[in-house]
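Working notes for the structure below.
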Amino acid sequence: MDAADIAAGRERWQRRYDASRKREADFTTLSGSPVDPVYGPPGGAAYPGFSRIGWPGEFPYTRGLYPTGYRGRTWTIRQFAGFGNAQQTNERYKMILAAGGGGLSVAFDMPTLMGRDSDEPQSLGEVGHCGVAIDSAADMDVLFDGIKLQDVTTSMTISGPAVPIFCMYLVAAERQGADLSRLDGTLQTDIFKEYIAQKEWLFAPEPHLRLIGDLMEYCAREIPKYKPLSVSGYHIREAGSTAAQELAYTLADGFGYVELGLSRGLDVNQFAPGLSFFFDAHIDFFEEIAKFRAARRIWARHLRDDYGATSEKALWLKFHTQTAGVSLTAQQPVNNVVRTAVEALAAVLGGTNSLHTNALDETLALPTDESAEIALRTQQVLMEETGVVNVADPLGGSWYVEALTDRIEAEAEEIFARIRELGSDGSVTAGILRGIEDGWFTANIAEAAFVYQQALEKDEKRIVGVNAHTGTVAKELEIMRVSHEVEVVQRRELGDRRASRDPVRVRAALDRLVSVARTDENMISVMLEAARAEATLGEICGALKGEWGIYREPARF
Ligand SMILES: C[C@H](C(=O)O)C(=O)SCCNC(=O)CCNC(=O)[C@H](O)C(C)(C)COP(=O)(O)OP(=O)(O)OC[C@H]1O[C@@H](n2cnc3c(N)ncnc32)[C@H](O)[C@@H]1OP(=O)(O)O
């Protein structure tokens, strides 16, 4: 790009910056020197390839979505939390909000993630352990008691039974008297990554995609701010993929959901803003920053060129980031605070919209109150003290970071081409489905994990406390344990709740759900009715499994 174009771009950015709202804050260095909101090539200099970098708030959004960067609004501090029963988790949420958390993020226990009730035999020993136990809309009432759902953005991390859980959340909001059309939040819902990495599905892909299509349609029409999908690379990375695989598989999954929306006749400009993303921030600082920058650029280009999006919000890739759980070590666990801070900084320099920082003890158990607070404070130190919020995309133009951004983008493009080839009709969706069926994704991730593990065992890669600097004076940590009493009480209360419902209403709602499942009608309103009747998650999912069957992954060696 020649110098005149760069100067014109800078002026355009300046006009948009001037017209945007900025936070009331001191945007100087610690020593009091003023800093510009963004930096670019020095005046009068040409810069080949600058159109790939550009200015914040402009296509291709490499440098962020907003002309103001974090001067307009800082990222959302969104700590993923949930344990025990709804009441215990409600207390943790109130603590997070009181300590300065900006949004909520619900972690469910394993039975809930698998669409089971707390009193099913497979749930035994798991109730309330890795998240909160939710059996019906009444638990949602308790979970959000005293928290106005209309005023707080709430993310729910669940994919197999995402839609019934969403309906229970809507019912809880209804019972609070909220205007449902104003709700804002995110539901994970991303079933592709379940088959690829996380392995928490209920049915085969087709019925899941039908439900997701219904959800996308419903949200685009009824709750325009709500994000029905959080397309997730996190679990892919945590399963052992490389950064480029994480990026490419996740964006390919995102393209799959765009193709799903289009196949339902929806307007891409209307539903694409509801697709949000979720990435891992691993420990290789610059590679991660490059990954985030490349993600925005790739998404905007493909949405515009392949899928016909024209509105700015449809081109935006917005993402949540969680620091890498797999980078935490059980050895010398206090060092995990340092790892998390570095990873969180990479996410921020990559322009994350929302962030979870892991607690130092998360490799051992769910966080204690104290470790959860340290994790939250880590974000606040970055946000309040370091000055990283003053300048948008501060690493833009770094030769190293730009080269890494280009490289990871090129790797991702090669992977997209391979995925399209896997399918029969050239669509990304057909390629994903074929890749799932053939175990292609799983095998590639396993191979990458194996290569890394070998490098670790040969000491080519080093982890402090694990294969380097292992001597320590560290004492064992006190970890949080969820009492077995939680399961006993949850099961008892579920029994009482079942006994006090109107059984005819519940039966009728479940029968209607199954009959609508046999048609092309949107299923959300009948599922809402089941949730209002206090049908349980296990009953709703069980009725649908009866209709659609369950999915078993083909065995592979
Ligand atoms: C590992 C674990 C497990 O499996 O166990 C998990 O999965 S945990 C997974 C946990 N997952 C999550 O928690 C997912 C979280 N995701 C989200 O919260 C969302 O999808 C998100 C990534 C889009 C972030 O949403 P958010 O509400 O926090 O933040 P946004 O970026 O949308 O910002 C909020 C509003 O401020 C506006 N805004 C933001 N920045 C600016 C700026 N500089 N200038 C002007 N306006 C701005 C936005 O446009 C938006 O308004 P407007 O809306 O009017 O445009």
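General observations
- Long-range tail of P(r) for region 310-352 (Cα pairs > 15 Å, %): 53
- Simple spin-label estimate for Phe557 and Met95 in nanometres, 7 Å along Cα-Cβ: 4.9
- Our note on the geometry: Cα centres of region 328-376 and region 384-411, 21 Å apart.
- When the alpha carbon gyration tensor of region 241-306 is reduced to an equivalent ellipsoid, the three semi-axes, largest first, read 25, 11, 9 Å.
- Pairs from Lys193/Lys545; Lys94/Lys291; Lys193/Lys318; Lys227/Lys545; Lys227/Lys291 whose Cα-Cα separation, in the structure shown, is over 24 Å: Lys94/Lys291; Lys227/Lys545
- Largest-first principal axis extents of the Cα set of region 123-233 (Å): 38, 37, 22
- Counted charge near Arg462, where neighbours are those whose Cβ lies closer than 14 Å (Asp, Glu -1; Lys, Arg +1): -1
- Sequence of Arg434, Arg116 from largest to smallest accessible area, 1.4 Å probe: Arg434, Arg116
- Set against the 2.2 N^0.38 Å expectation for a compact globular protein, region 410-487 has a Cα radius of gyration ratio of 1.84.
- Taking 0.36 nm per residue of sequence separation and removing the Cα-Cα distance, the Lys199/Ile463 pair yields an extension gain of 92.3 nm.
- Using every pair of distinct Cα positions in the chain, the Kirkwood expression returns a hydrodynamic radius of 24.4 angstrom.
- Pairwise alpha-carbon distances in region 5-163 exceed 28 Å for 47% of all pairs.
- Linear extension gain, Arg221 paired with Arg15, 0.36 nm per residue minus alpha-carbon span: 70.8 nm
- Simple spin-label estimate for Ser515 and Asp5 gives 6.2 nm between the two label positions (7 Å along the Cα-to-Cβ direction from each Cα).
- Amide H contacts under 5 Å for Met156, placed H, 5+ residues apart: Val106, Thr186, Leu187, Gln188
- Hz values of 3J(HN,Hα) by residue in region 229-241 - Karplus curve (6.51, -1.76, 1.60), Gly and Pro given as x: 9, 10, 6, 10, x, 3, 6, 5, 5, 5, 6, x, 5
- Helix-only arithmetic for the chain: the sum of -39500 (n - 2.57) across DSSP H runs with n ≥ 4, divided by the residue total, places the mean residue ellipticity at 222 nm at -15000 deg cm²/dmol.
- Arg407 paired with Ala455, simple spin-label distance in nm, labels 7 Å along Cα-to-beta-carbon: 1.1
- Theoretical FRET efficiency, 1/(1+(r/R0)^6), r = Cβ-Cβ of Asp184 and Gln332, R0 56 Å, to 0.05: 0.90
- Here's how it looks for Lys318: its modeled amide H is under 5 Å from those of Phe277, which are all 5 or more places away or on a different chain.
- Unit Cα scatterers, Debye sum, region 329-412: log10 I(q)/I(0) for q = 0.14, 0.27 Å⁻¹: -0.59, -1.25
- Solvent-accessible ranking of Phe192, Phe450, largest area first, probe 1.4 Å: Phe450, Phe192
- In terms of its Cα atoms, region 264-343 spans 53, 23, 16 Å along the principal axes, sorted from long to short.
- Cα-based reach from Lys461 at 13 Å (exclusive), listing aspartates and glutamates while leaving out same-chain residues under 8 positions away: Asp284
- Accessible-area ranking of His356, His129, largest first, probe 1.4 Å: His129, His356
- Annotation: aspartates and glutamates with alpha-carbon distance below 15 angstrom to Lys22 (same-chain offsets under eight excluded): Asp36.
The values are calculated or read from the model by the stated rules, or taken from the named source; none is laboratory data. It should be emphasised that the depicted structure is a prediction, and the values quoted were computed from it without experimental measurement. Cβ: placed from backbone, ideal geometry, glycine included. Neighbour counts: every protein chain shown. Accessible surface is based on the protein model in full, side chains and every heavy atom, while ligands, DNA and RNA are left aside. Shrake-Rupley method; radii C 1.70, N 1.55, O 1.52, S 1.80 Å.
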